[in-house]
Every structure is written in C-alpha cells, then in structure tokens.
Amino acid sequence: MNPKKFPIRLVFAALAGTFLFITLSCEKKEALSSAVELLSFGPAGIQHGEQMRIIGNNLDKVTAIEFVGASIQSTNFVEQTSELIVVTVPEQAERGIITLKTSEGDITSKSPLNLEVPVVITDFTTSAKPGEQITFQGEYLNWVTSIVFADELPVTEFVSQSLTELVVTVPMNAQSGSLTVLTGGTEPLTIELEDQLEVTLPSITGFSPNPVDRGANLTVSGADLDLVKGIVLKGVADTIMDFVSRSETELVIAIPEEATRGTLSIVAFSKIAVESEDILTFVGDPVAPDPLAYPLYIDQLENSAQNWGWGSTVDFNNSENVRDGNAAIKVSYQGSWGALKFANFSVNTAGYQEIAFSIFGTPGTGGKTINLTTNGSSAYVITITEGEWVEYKLPLTELGNPATMTELVFQETGWSGTVYMDHVGLR
C-alpha cells in the first residue's frame with residue numbers, strides 16, 4: 001500500500017504555526033519573568049535594628065525600600081539579589097505598608113509591616129493645668145497610640161509625636177491621678193506610670209457682697225477660675241453655669257431667688273467640687289439665734305439625744321439649707337402622722353424658761369401644721385411659713401411645764417412634705 005502524500009504547502013503551514021507558538025510563548029515568558037514581584041517579607045515580630053528579608057522576583061531592579069516613616073536606598077541594603085533583599089529595619093520605621101521603588105514603578109505590599117516595639121517612658125511632666133501641654137520623654141514614643149488619664153479618660157490625638165518625645169494637651173475634664181500609656185506593635189503594651197499627674201483645680205479666696213440680695217450679682221474671687229464649669233448654691237437645685245462675667249481670678253453670677261444660706265461650691269470641668277470656707281448669707285435673713293443653754297441639736301444631736309420618731313425620713317447632717325452653723329435637720333414627712341422625736345435624754349427644767357427652735361418650710365408646706373409635745377403634753381400647734389426661717393421661743397408653760405423633760409416630739413398632722421429644723425433646745 002502506498003503511503004499517503006501530504007501537499008507540501010500544508011507541511012510548511014504546520015511548521016510555521018509551531019514556530020510562531022513557540023516564539024510567542026517565549027516572549028510571554030520573558031515578559032512575565034522581567035517584572036518585579038514582592039512575594040513575602042519577614043520574620044513576624046521583628047524589632048527595630050533587626051534584619052528583614054524580602055523575597056520575590058527581579059528584586060535586583062529595586063532602587064529603594066520605603067517604610068512608613070523611613071526610607072532605605074539600595075546602596076544601604078545588606079544584601080540584594082534577584083530573589084532576595086536583606087535590610088536592617090530603621091529606628092524610625094512605623095507600622096504600615098512597605099513600598100519597593102523601581103524605575104518601572106512602585107510595588108506595595110498587600111499586608112502592613114508590624115513590629116515588636118519596646119516602648120519606654122523615661123520622664124514626663126507631673127503637674128499641669130487643664131488645657132496646657134505635658135511632654136513625655138523616652139524611646140519609640142512614635143508607637144504610642146493613647147494616653148489614658150485618671151478616671152479612664154483617653155487621649156489619642158497628640159500635639160506632636162516623634163521617636164523620643166510625645167506632647168499631649170491635658171483635657172479640660174482631666175483629674176489628678178495615675179497615667180497609662182498604650183502602644184501598638186505585634187505585642188501592644190500597657191504601661192502604668194509610677195508617678196502621678198497633679199492637675200490644677202480652681203480655688204476660692206472669697207466672695208462679695210456678703211450678705212447679698214437675692215437677684216443681685218455675686219462676685220467670687222480666686223485662682224484658676226477659668227477651670228470652673230459651674231457654681232452650686234444651697235437651696236438651688238441646678239448648677240449655675242451662666243456667668244455674668246468670668247476670668248481666671250473672678251466669676252460673677254446672678255443669685256437665684258431660691259438660694260439659701262450656706263457655703264458655695266465651684267465645680268471644675270472634671271466634676272470635682274471645691275467648697276468655700278466662708279458662709280454665704282443674704283440680706284433680710286434672720287440673724288444668728290441666741291445661744292442655747294441645753295442644746296438638743298446644733299449642727300448635730302447633743303446631750304445624748306436620739307431620734308425615736310416614725311413615719312419620716314430624717315437627715316441630721318444636711319447642708320442644703322442651714323439656719324446657722326454648718327448643718328441643719330432635714331425632715332421629710334410621709335403623710336401618716338409621722339414624727340421627729342428627740343428622746344434618750346433627761347433634763348431638769350429648773351432654771352430654763354423656754355424651748356427654742358427654728359423651722360423652714362419648703363414649697364408646698366406653707367400653712368401646714370405640726371403638733372409639738374413634750375412628755376405627752378397637750379399639743380402646741382405650729383403653722384409652717386414657706387420659704388423662710390422662723391424662730392420659735394415657747395415658754396415651758398405652753399407645754400405642760402414638765403419638771404424633767406425626757407422627750408420632744410414634732411408630729412405632722414396628716415400631710416407629706418419636707419421642712420428644715422435648726423438650733424433645737426432649752427434656754
């Protein structure tokens with residue numbers, strides 16, 4: 001059988017196609033192999049000053065490597081081949097992508113470089129006023145991510161930050177106390193500083209006029225009063241934050257009508273209150289009561305007296321509304337014929353002429369009555385005046401003229417509300 005004969009033109013066409021395929025494949029392979037490729041870098045957890053290995057293809061074409069915060073030219077590479085570059089990580093390098101610089105363009109890493117960084121604080125400013133700047137000295141401070149002030153107050157935006165120095169503005173609401181430094185890196189650190197930061201507080205040196213008219217202006221003098229967010233007055237429910245004028249040394253406020261006698265407090269932006277030593281008094285308020293010969297209450301219970309009352313809540317150390325001194329009795333009646341009962345004392349009344357006390361009625365109590373008795377005597381009816389202190393001086397004859405007094409009872413007559421009492425005893 002004769003072998004098949006192929007036309008010669010088909011043979012040449014087949015050979016030409018094969019040659020073209022081989023040529024194109026080689027050109028494609030050559031084109032792919034000439035590109036710079038970044039395959040990996042490491043090791044993980046590397047530190048500044050250690051050597052980092054970059055693996056890839058055609059790395060001999062890399063002219064520089066850029067880190068966040070630092071750059072290395074190829075002349076400073078430890079080693080460079082087509083498949084490997086070895087460099088020493090610069091001290092200034094920070095977390096972020098790395099970039100290989102070539103004449104054909106930049107090649108950036110898909111994942112960021114992260115480092116294990118031993119941040120150290122060697123010194124910092126230990127006292128400051130809110131709004132001022134404090135400076136930290138140390139090593140690798142460019143890796144600090146947050147400064148946490150006392151009461152868990154973080155600051156993450158800094159005035160300036162470098163390898164050896166960090167400058168932070170003290171928040172207006174910062175408090176004195178310890179500081180905590182938080183850092184980044186593959187192993188983030190929480191650094192508790194041994195020394196504490198002392199944050200300046202405002203102070204009061206005085207106020208005038210004293211006494212003052214309600215509705216008039218009061219000038220509070222002191223230091224660092226620009227740090228004051230508000231002023232608290234006795235008898236005023238809300239903190240006063242509207243100032244007529246203010247400076248570092250003076251604050252001027254309008255006195256509300258409901259303000260009552262007592263100390264005042266300035267409240268810093270940190271919510272810390274600073275109380276005055278002096279007592280703020282008001283024009284028209286009653287003068288100090290005459291001294292008691294046998295007190296049952298002056299700022300506190302006296303002469304072994306105790307409260308054996310019922311149907312009421314009693315605070316013997318209340319400073320919201322004081323007749324005189326530092327404290328008064330706040331009595332909240334429950335509307336169930338409750339009573340404040342002074343008991344557990346015994347006094348021979350010979351030589352005493354009267355029982356004295358002062359009562360202040362809060363809103364809603366005006367015209368309400370209290371029955372006053374001693375040792376089970378007939379009741380003396382007291383009618384409450386709302387919004388002012390009224391001093392009572394009752395002859396002992398009005399209360400049965402007991403030879404020995406062992407109890408004194410203030411009983412409401414079926415109503416609920418709050419009154420203040422002060423300077424209770426015998427004269």
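The values are calculated or read from the model by the stated rules, or taken from the named source; none is laboratory data. Note that this is a predicted model, so its numbers are computed, not measured. Virtual Cβ from ideal backbone geometry, glycine too; neighbours counted across all protein chains shown. Each accessible area value is taken on the protein alone, full model and side chains, heavy atoms only, with ligands, DNA and RNA left out. Shrake-Rupley method; radii C 1.70, N 1.55, O 1.52, S 1.80 Å.
Table for the structure above
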quantity	calculated
Electrostatic dipole magnitude of segment 157-274 [Cβ: Lys, Arg +1; Asp, Glu -1; Cα centre; debye, to 20]	560 debye
1.4 Å probe accessible area per residue over the chain, in Å²	51 Å²
Unit charges on C-beta of K, R, D, E only; dipole of segment 260-363, Debye	360 debye
Cα gyration tensor category, rounded, prolate or oblate, for segment 108-218 with a/c compared to 1.5	prolate
Dipole-positive endmost among Pro363, Gly387, Tyr333 within segment 300-423 (Cβ charges, Cα centre)	Tyr333
Given Lys129/Lys234; Lys129/Lys330; Lys271/Lys341, the pairs whose alpha carbons are separated by over 31 Å	Lys129/Lys330; Lys271/Lys341
At q = 0.08, 0.09, 0.10, 0.12 Å⁻¹, base-10 log of I(q)/I(0) for the chain (Debye sum, equal scatterers on each alpha carbon)	-0.71, -0.78, -0.85, -1.01
Segment 268-309: mean projected area of Cα convex hull, nm²	6.3 nm²
Size descriptor, Kirkwood hydrodynamic radius, that averages inverse alpha-carbon separations across segment 25-154, Å	17.2 Å
Rg to Rh, two decimals, where segment 199-310 supplies the alpha carbon set and Rh follows Kirkwood	1.08
Gyration tensor (alpha-carbon) shape descriptor, segment 338-409, a/c threshold 1.5	prolate
Positive-end extreme of charge dipole, the chain - chosen from Phe41, Trp143, Pro256 (charges on Cβ)	Phe41
Accessible-area composition of the chain, carbon plus sulfur, in percent [1.4 Å probe]	49 percent
Cα gyration tensor shape of segment 291-353, rounded if a/c is under 1.5, else prolate or oblate by comparing a/b with b/c	oblate
Nearest 10 degrees, 0 to 90: helix 8-33 Cα axis against the chain principal axis	40 degrees
Spatial separation of Cα centroids for segment 177-209 and segment 31-64, in angstrom	44 Å
Hydrodynamic radius of segment 235-364 per Kirkwood, over alpha carbon pairs, in Å	17.6 Å
Relative contact order (%) - criterion: Cα under 8 Å, at least six apart; region: the chain	9 percent
